[in-house]
Amino acid sequence: MVTTAPNNLVYERPEGFTDTPTHYCPGCTHGVAHRLVAEVLEEMGVLDKTIGVAPVGCAVFAYNYFETDFVEAPHGRAPAMATGIKRVMPERVVFTYQGDGDLASIGMGEIVHAAARGENITVIFINNANYGMTGGQMAPTTLPGMKTTSSPNGRDVETQGYPIRVSEMLSTLDGAGYVVRRSLHDPKNIRLAKKAIRIAFETQIRGLGFSLVELLSTCPVNWNMKPVDALKFVEEKMVPYFPLGDYKLSAGAAQIKI
Amino acid sequence: MPAKGWIEVSDLYCKGCELCISACPQEVMELDMSRLTPKGYHPAHIFTDGCTGCAICAIVCPDAAITVYREVTKAVPTAA
Ligand SMILES: Cc1ncc(C[n+]2csc(CCOP(=O)(O)OP(=O)(O)O)c2C)c(N)n1
Ligand code: SF4
Ligand code: SF4
Ligand code: SF4
Ligand SMILES: [Mg+2]
């Protein structure tokens, strides 16, 4: 005989989220990245001792969405603020959440030196190949030939330079404990991204140095695509240029089992 | 027999982006064109049988709008 126990919950909105709906455009994977961070912090039981550092960019209102403490950094300066907070309150879990304009344009100096110093902070880095918030201008991560509002004929590498692969670059620094790139374009990759975010926070809690998870993410509105097509663009165009992988896996980080 | 599942989509959070619809392996989701959320989006819903409670829709949803349930079937030993 078979009996059924109805109402068995498989998934619900994480407790790491507030009840505030986000301001992100429909289908923007900033929301997925937020959700993964909220789920990981909840599962680790560290929501009440976490301090997030919000950037300037579309994630500027991130502080409204997480059930954690939050501060707001000047443009690009989140790693510097996180450095100060973590040094003064080492028992707290401190993370920055930054876009590619924030982290790799105006904030390039801060991120490089935070990694070089081996600051014990976690960085969630959203690579969506443009400046989403300000109307889709070219970012350091804009693909060659990609049209943006400030490269209307497509990025010309002769005059506008080549895209920067941030994870590869930071991985050369000895202070970096865990630096990886993941993508948010399908369920399998979202699961892998969540696992990487967990390892990054575990790296910090174990005091193993700077950790960063780069997430390939969509900007359907400025890419002028439907959300579903934007996921395809990530898979077909961004992943080949920004290969997914573990770029720095220090001996300590390699031992983290979750 | 596959597990039987069902979902609830929150009108407060759903933005009708359709990512869940294209990810659902059972193809049982669509936008509900007969309704609008308070923000003016057509919300996602299940339109036919076949949901297995796999939660893939919830994994791709950027707005954490979906709650997933699955019926748990337990074999009860038959009375002697
Ligand atoms: C000092 C300063 N310079 C420039 C700006 C304008 N500005 C706001 S957001 C932004 C870039 C955001 O892009 P990104 O970091 O990639 O975030 P996204 O919106 O794509 O997530 C710029 C240049 C600013 N707010 N402050
Ligand atoms: S502008 Fe782009 S990155 Fe910003 S919320 Fe909209 S889709 Fe997302
Ligand atoms: S993925 Fe989420 S926000 Fe998008 S249509 Fe489905 S339930 Fe609504
Ligand atoms: S739980 Fe699985 S089968 Fe059910 S609607 Fe969601 S994706 Fe489809
Ligand atoms: Mg950006």
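Bear in mind these aren't lab numbers, they're just calculated from the coordinates by the rules spelled out. If you're wondering where the values come from, they're calculated on a predicted model, not measured in any experiment. Neighbour counts are summed over all protein chains in view; Cβ atoms, including those assigned to glycine, are modelled from backbone coordinates with ideal geometry.
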Problem set entry | 3J(HN,Hα) from dihedral phi, the stretch B:53-59, Karplus parametrisation 6.51/-1.76/1.60, rounded to Hz, x for glycine, proline | x, 6, 6, 5, 4, 5, 5
Problem set entry | Which of A:Ala78, A:Val88, B:Thr48, positive extreme of dipole for the protein assembly as shown (C-beta unit charges) | A:Val88
For this session: In debye, nearest 20, what is the charge dipole magnitude of the protein assembly as shown about its Cα centre with +1 on Lys and Arg Cβ and -1 on Asp and Glu Cβ, if you could check?
Result: 540 debye
For this session: Taking the Cβ of each residue in A:Thr20, A:Thr122 as the centre, tally the other Cβ atoms inside 10 Å and list the residues starting with the fewest.
Result: A:Thr20, A:Thr122
Problem set entry | Interchain or long-range residues, amide H under 5 Å from A:Leu212's placed H | A:Val123, A:Tyr178, A:Val179, A:Val180
Seminar exercise, completed: Distance in nm between A:Asp48 and A:Thr20 label points, each 7 Å along Cα→Cβ, equals 2.2 nm
Exercise. Near the amide H of A:Phe70, under 5 Å away, which other amide H atoms are found, from residues 5 or more places off or on another chain, if H is placed in the peptide plane?
Worked result: A:Gly52
For this session: Before anything else, pin down the relative contact order of chain A: Cα pairs under 8 Å, at least 6 apart, normalised by residue count, whole percent.
Result: 18 percent
Problem set entry | Value of [θ]222 nm, deg cm²/dmol, for the protein assembly as shown, DSSP H segments ≥ 4, -39500 (n - 2.57) each, nearest 500 | -7000 deg cm²/dmol
Exercise. Once Lys and Arg get +1 and Asp and Glu get -1 on their Cβ, which of A:Gly245, A:Ile106, A:Met225 lies farthest toward the positive end of the dipole of the protein assembly as shown?
Worked result: A:Gly245
For this session: Would you grab the residues whose amide H sits under 5 Å from the one on A:Tyr97? Only those 5+ places off in sequence or on another chain, please, with H modelled 1.01 Å from N.
Result: A:Val53, A:Ile124
Exercise. Assigning unit charges at the beta carbon (Lys, Arg +1; Asp, Glu -1) and nothing else, what dipole magnitude in debye, to the nearest 20, does the stretch A:1-152 show about its Cα centre?
Worked result: 480 debye
Problem set entry | For the stretch A:116-247, size of Cβ-based charge dipole, Lys and Arg +1, Asp and Glu -1, in debye | 400 debye
Seminar exercise, completed: So the number of lysine pairs in chain A with alpha-carbon atoms under 21 angstrom apart, 8 or more residues apart or on different chains, is 17
Seminar exercise, completed: Once phi for every residue in the stretch A:48-63 is put through the Karplus expression 6.51 cos²θ - 1.76 cosθ + 1.60 (θ = phi - 60°), the whole-Hz ³J(HN,Hα) values, with Gly and Pro written as x, are 7, 10, 9, 10, x, 10, 7, x, 9, x, 4, 8, 4, 9, 3, 4
